[in-house]
């Protein structure tokens, strides 16, 4: 009978509003939890019978509820003082794993997704958030190159681990020979005196050495030659590294630029016009010298009356201690050393799925891929649909406390109204019982 279905509908209403109260309570409790995604309760009507219009009798079906989490709606970003507090400026998640997964370190760690995290090194140097989850990333080769890793599985991901006490050096592999040679030195009445300079370099074990470069102008009484002899030598051993004849242009518009470089010794490598470099071998250590391209104002030029080697620089560094970590917008985690250089150790990919709201929610603001979310893909930060990495930042909770309190009032009123329905049905049953009396 309809009176009985009315009581069942009231009970269903109490149950549905109790579920909504649970999600509201959870949201308010996590209003200060970084990276929290709010939950919602949706109500769905239940129809008893055929539901066709014009039925003679009506039975109340009541309501049922379902809860879901709005994973695709994150909170705003807040600044912090820690360089490895990480957040995203858009869509996506950071790959993390459990404490057990971090110990595996073989590409079989369980993949968890985190929207933000305050990552710091533990006693073993592993980057973990406050819940103990370890950050995952792709290791970078020692020379700074990035290997090709699969993007549809986690076989290439490893826990981000930083060796705190290691001494790191960078061997010199490139010298920018930014020199201005005086054009006046190649005039017929010039003295022909050479110009000398010394360049520091570092070997594979972080020890320093010096390279000597001598520029000797070629003199011709008939007129300016715009030609120099360049000789390179290792100062410590006196070993010759190479001798080159360098000629400069004197044509309008390109005057002072390189015209030709010719190797005139058995030592050293030939000049490559495509890269603007030539290579020398310093006790088994190859070093490239960049001098510029033909007809372009690059590294080495000839102008004026002054010899100016202020543009000379090399890319090596001696042994240095780790003093900090930084993460750029592309997800590259760099170690910063006290010698003034930095080295990329890991690249942190960004995980994305077709349906973020289909992810399975786990403890500590982490999520796991499910059938409803679809397969994951590992993107470089700032490419495709995913956002860029923001260091010194955390993502706030997605909870709007004012909106939750308003929903709390609505839920309370709805719960009371359903309880009143049950009370009314009880009174009507009592009246029916009284008919017999």
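The values are calculated or read from the model by the stated rules, or taken from the named source; none is laboratory data. None of these values were measured; they are calculated from a predicted model. With ideal geometry, Cβ positions are generated from the backbone for all residues, glycine too; neighbour counts draw on all protein chains shown.
Looking at the stretch 288-325, which of the residues that are closer than 30 Å to residue 88 by Cα and surrounded by 15 or more Cβ atoms within 10 Å (Cβ to Cβ) is modelled with the highest pLDDT? Step by step, filter the stretch 288-325, then rank; the result is 325. Taking strands (runs of 3 or more DSSP E) as the structural unit, those lying wholly within the stretch 322-437 and holding at least 3 residues that are touching a residue at least 24 places away in the same chain (Cβ under 8 Å) and closer than 26 Å to residue 79 by Cβ correspond to 322-327, 332-337, 342-347, 350-352, 393-395. Considering each residue of the stretch 208-231 in turn, at least one proves to be surrounded by 19 or more Cβ atoms within 10 Å (Cβ to Cβ), touching a strand residue (DSSP E or B) at 6+ places or on another chain (Cβ under 6 Å) and within 30 Å of residue 322 (Cβ to Cβ).
Checked against the criterion of being surrounded by fewer than 15 Cβ atoms within 10 Å (Cβ to Cβ), touching a strand residue (DSSP E or B) at 6+ places or on another chain (Cβ under 8 Å) and more than 28 Å from residue 171 (Cα to Cα), the candidates 252, 260, 265 yield just one match: 260.
Modelled with pLDDT under 95, loosely packed, with under 15 Cβ neighbours inside 10 Å and in contact with a helix residue (DSSP H, G or I) (Cβ under 7 Å, 6 or more places away or on another chain), is that true of residue 340? So that I can check it myself, show each step before the final result.
Details: modelled with pLDDT under 95: yes; loosely packed, with under 15 Cβ neighbours inside 10 Å: yes; in contact with a helix residue (DSSP H, G or I) (Cβ under 7 Å, 6 or more places away or on another chain): no.
Judged against the criteria, residue 340 is not a match.
Within the stretch 1-34, being outside any helix (DSSP H, G or I) and surrounded by fewer than 18 Cβ atoms within 10 Å (Cβ to Cβ) holds for 1, 31, 32, 33.
Given 25, 18, 65, 39, which one is closer than 29 Å to residue 426 by Cβ, assigned by TED's automatic domain parsing to the domain that holds residue 431, in contact with a strand residue (DSSP E or B) (Cβ under 8 Å, 6 or more places away or on another chain) and modelled with pLDDT of 85 or more?
On the way: 25 fails: in contact with a strand residue (DSSP E or B) (Cβ under 8 Å, 6 or more places away or on another chain); 18 fails: in contact with a strand residue (DSSP E or B) (Cβ under 8 Å, 6 or more places away or on another chain); 39 fails: closer than 29 Å to residue 426 by Cβ.
The conditions single out 65.
Consider residue 143 carefully, then state whether it is surrounded by fewer than 15 Cβ atoms within 10 Å (Cβ to Cβ) and at pLDDT below 90.
Numbers: surrounded by fewer than 15 Cβ atoms within 10 Å (Cβ to Cβ): yes; at pLDDT below 90: yes.
Yes.
With the stretch 73-115 as the region, which strands (runs of 3 or more DSSP E) entirely inside it contain at least 1 residues that are within 14 Å of residue 390 (Cβ to Cβ) and more than 17 Å from the chain's Cα centre (by Cα)? I'd like the intermediate steps shown before the answer.
On the way: elements: 77-79, 85-88, 94-97, 112-114.
Counting at least 1 such residues, we get 77-79.
Taken residue by residue, the stretch 148-166 has no member that is in contact with a strand residue (DSSP E or B) (Cβ under 9 Å, 6 or more places away or on another chain), part of a loop (DSSP other than H, G, I, E, B), without any contact (Cβ under 8 Å) to a residue 40 or more places away in the chain and closer than 18 Å to residue 231 by Cα.
To keep it simple, each residue is scored yes or no on (1) modelled with pLDDT under 95; (2) within 34 Å of the chain's Cα centre (by Cα).
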| residue | (1), (2) |
| --- | --- |
| 163 | yes, yes |
| 169 | yes, yes |
| 194 | no, no |
| 219 | no, no |
| 237 | yes, no |
| 247 | no, no |
| 250 | yes, no |
| 255 | yes, no |
